[in-house]
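For reference, the structure is listed below as structure tokens.
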Amino acid sequence: MSAGIPDRYACFFVRGDSFMTLQAFFTAHPKAALAFSGGADSAYLLWAARQYGCDVRAYYVHTVFQPAFEQADAKRLAEQLGVPLTVLEADVLADDAVRTNPPDRCYHCKRALFSRLRQAALDDGYSLLLDGTNASDDAGDRPGMRALAELEVRSPLRECGVTKAQVRQWSREAGLFTWDKPAYACLATRVPAGTALTAEALSRVERAEDALFALGLTDFRVRLYGGAARIQIPEEQTPGLLARRAEVTAALSPLFDAVLLDLEPRKGSD
């Protein structure tokens, strides 16, 4: 173990008679590029890579699918860890397979973005590309994972059996501000499959969610429902939202024809 790194940070994942730790992974792969979203998973992986002596460089791809705070968080954490961060711009809506928003949009989007990331990393001298998929992520529910496999993107957290709960616990112990950051799927998930994606619609969703964040709400989604906004929120936050109904309506009405509350409590990460 590296000096000062507790054994519990090196979770292992048994495969037959063998096992792997994060320390072992980064010892075997001492130079890597990381697709860095600014979320809890990739933030912890960046910290671990740094702690285990990996020459790691972080890459953030900016598109209309990411809200501004994600890039701000990515820059803040990279600066705190002293890791170089490269921000790449990508016009995802120029790809018809993404813009038309088919059920497997995530696959096409991941394929395009990670192809761009891989080339940028190769140009900088990094042949290994990593992402923050963890062991709690369900491959059957994430078509984007197929794109990662096709492009040979490695997921150390998943390979080492590190769960989302462990990421949060260990991130807190490491002092990372992302330890309790809610999972945040890209803005494209707010638009029903089959409805074409536009920069204008995504911007309205981002502005609406920014307004709800400003009111103190967390872990919610504002989804498009025709010309209306359909708010999904955890059950325990529903009383607070209803108590501020007038403020919510005032904030969102300029952006949508109607503001609706989904009575089915929000669950999951999408």
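One line per residue, one yes/no per condition, for (1) within 17 Å of Ala258 (Cα to Cα); (2) at pLDDT 95 or above; (3) out of contact with any strand residue (DSSP E or B) (no Cβ under 6 Å at 6 or more places or on another chain); (4) not hydrophobic (A, V, I, L, M, F, W, C):
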| site | (1), (2), (3), (4) |
| --- | --- |
| Leu217 | no, no, yes, no |
| Arg223 | yes, yes, no, yes |
| Ala228 | yes, yes, no, no |
| Ile231 | yes, yes, no, no |
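Quick one: in the range 173-196, of everything that is closer than 14 Å to Leu46 by Cα and not polar (S, T, N, Q), which residue is nearest to the chain's Cα centre (by Cα)? Full working, then the answer.
Kept after step one, since they are closer than 14 Å to Leu46 by Cα, are these residues of the range 173-196: 174-179.
Adding the requirement that they be not polar (S, T, N, Q) leaves 174-177, 179.
On the way: Ala174: 20, Gly175: 19, Leu176: 16, Phe177: 15, Trp179: 13 Å.
Looking at residues that are closer than 14 Å to Leu46 by Cα and not polar (S, T, N, Q), I get Trp179.
Regarding Thr133, is this residue in a loop (DSSP other than H, G, I, E, B), among the β-branched types (Val, Ile, Thr) and surrounded by fewer than 19 Cβ atoms within 10 Å (Cβ to Cβ)? I'd like the intermediate steps shown before the answer.
Working: in a loop (DSSP other than H, G, I, E, B): yes; among the β-branched types (Val, Ile, Thr): yes; surrounded by fewer than 19 Cβ atoms within 10 Å (Cβ to Cβ): no.
In short, no.
For Asp96, only one of the following conditions fails: (1) touching a helix residue (DSSP H, G or I) at 6+ places or on another chain (Cβ under 7 Å); (2) among the acidic types (Asp, Glu); (3) over 18 Å from Lys31 (Cα atoms). What is its number?
Of (1) touching a helix residue (DSSP H, G or I) at 6+ places or on another chain (Cβ under 7 Å); (2) among the acidic types (Asp, Glu); (3) over 18 Å from Lys31 (Cα atoms), only one is false for Asp96: (1).
Which numbered condition trips up Gln169, out of (1) more than 30 Å from Gln51 (Cα to Cα); (2) assigned to a helix (DSSP H, G or I)?
Of (1) more than 30 Å from Gln51 (Cα to Cα); (2) assigned to a helix (DSSP H, G or I), only one is false for Gln169: (1).
Condition first: free of Cβ contacts under 8 Å to residues at least 60 places away in the same chain and of a type in the set (A, V, I, L, M, F, W, C). Can you find one or more residues in the range 165-188 that meet it?
Yes: the range 165-188 contains one or more residues that are free of Cβ contacts under 8 Å to residues at least 60 places away in the same chain and of a type in the set (A, V, I, L, M, F, W, C).
For the range 1-86, which helices (runs of 4 or more DSSP H) that fit wholly inside it have 3 or more residues that are modelled with pLDDT of 95 or more and within 19 Å of Ser155 (Cα to Cα)?
22-28, 40-51
Being outside any loop (DSSP other than H, G, I, E, B) and within 23 Å of Leu202 (Cβ to Cβ) narrows it down to one residue among Leu157, Leu93; which is it?
Leu93
Under 7 Å by Cβ, and 6 or more places apart or on different chains, what pairs join a residue from the range 98-117 that is under 21 Å from Ala33 (Cβ atoms) with one that is at pLDDT 95 or above and part of a loop (DSSP other than H, G, I, E, B)?
Every condition considered, the pairs that remain are Ala112/Asp95; Leu113/Ala90; Phe114/Val153; Arg116/Ala90.
Please tell me if Leu88 is touching a Leu at 6+ places or on another chain (Cβ under 8 Å) and crowded, with 18+ Cβ neighbours inside 10 Å.
no
The values are calculated or read from the model by the stated rules, or taken from the named source; none is laboratory data. Note that the structure is a prediction, hence the values are computed from the model and not measured. Every residue, glycine among them, receives a Cβ derived from its backbone with ideal geometry; neighbour counts consider all protein chains shown.
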